[in-house]
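The values are calculated or read from the model by the stated rules, or taken from the named source; none is laboratory data. The structure presented is a predicted model; accordingly, all values stated were derived computationally and were not measured. Here the Cβ positions follow ideal geometry from the backbone for every residue, glycine too, while neighbour counts run over all protein chains shown.
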Amino acid sequence: MTRNVMATTVVALCVLPLAAMTGDEVPALPQEPQIVDGALVFPEGVRIPASMTATEQRWLDAMQAPAFRGETPPSSDPIRCASEYEAMDGIVLAWEGGSSFTSIVAQMAAQITTTGNANVYVACDSNS
């Protein structure tokens, strides 16, 4: 997470409760992705539509597409996809935070690592 986004998050966390106590107008949080330092940043907890937003289109338009390097020949080796119930090393979970979700992830991880004898990999947006 960039420093500007962290600062915005801290300000929002501090200003929103203060504004509610003083009766001031609460600033609106962004409802679609934002472009911050050239990166596309998705606000936490906001539903993003299935279609591309105007901000996403502006970001794509500003990106420079890599140069086309020509076609590559198909693989001469057989192609194999892992089956649905094939043995795996572990499972990947996305951490989308919240205190009620903590206990669910903990229960799942306990069952997966003990009963299932597998690893759990948790992907999260930040380390907080």
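Take the range 74-100 and flag every residue that is touching a strand residue (DSSP E or B) at 6+ places or on another chain (Cβ under 8 Å) and not small (Gly, Ala, Ser). Matches in the range 74-100: ASP89, ILE91, VAL92, LEU93, TRP95. Looking at MET88, is it outside any loop (DSSP other than H, G, I, E, B) and farther than 30 Å from GLN31 by Cα? Judged against the criteria, MET88 is not a match. Scanning the range 89-121 for residues that are surrounded by fewer than 11 Cβ atoms within 10 Å (Cβ to Cβ) and either among the acidic types (Asp, Glu) or over 26 Å from GLU44 (Cβ atoms) (or both) gives ASP89, THR114, THR115, ASN117.
Of all residues in the range 99-128 being among the hydroxyl-bearing types (Ser, Thr, Tyr) and in a loop (DSSP other than H, G, I, E, B), which is modelled with the highest pLDDT? So, considering only residues that are among the hydroxyl-bearing types (Ser, Thr, Tyr) and in a loop (DSSP other than H, G, I, E, B), the one modelled with the highest pLDDT is THR115. Identify, by number, the condition in (1) over 19 Å from the mean Cα position of the chain (by Cα); (2) within 25 Å of PRO33 (Cα to Cα) that ILE79 doesn't meet. ILE79 satisfies all of (1) over 19 Å from the mean Cα position of the chain (by Cα); (2) within 25 Å of PRO33 (Cα to Cα) except (2).
This table checks each residue for (1) assigned to a loop (DSSP other than H, G, I, E, B); (2) at pLDDT 80 or above; (3) closer than 20 Å to GLU96 by Cβ.
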{"residue": "LEU13", "(1), (2), (3)": "no, no, yes"}
{"residue": "ALA20", "(1), (2), (3)": "no, no, no"}
{"residue": "PRO27", "(1), (2), (3)": "yes, no, no"}
{"residue": "PRO30", "(1), (2), (3)": "yes, no, yes"}
{"residue": "LEU40", "(1), (2), (3)": "no, yes, yes"}
{"residue": "GLY45", "(1), (2), (3)": "yes, no, yes"}
{"residue": "ILE48", "(1), (2), (3)": "yes, no, yes"}
{"residue": "THR55", "(1), (2), (3)": "no, yes, no"}
{"residue": "LEU60", "(1), (2), (3)": "no, yes, no"}
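For the range 32-83, the set of residues classified as surrounded by 10 or more Cβ atoms within 10 Å (Cβ to Cβ) and of a type in the set (D, E, K, R) consists of GLU32, GLU44, GLU56, ARG58, listed by residue number.
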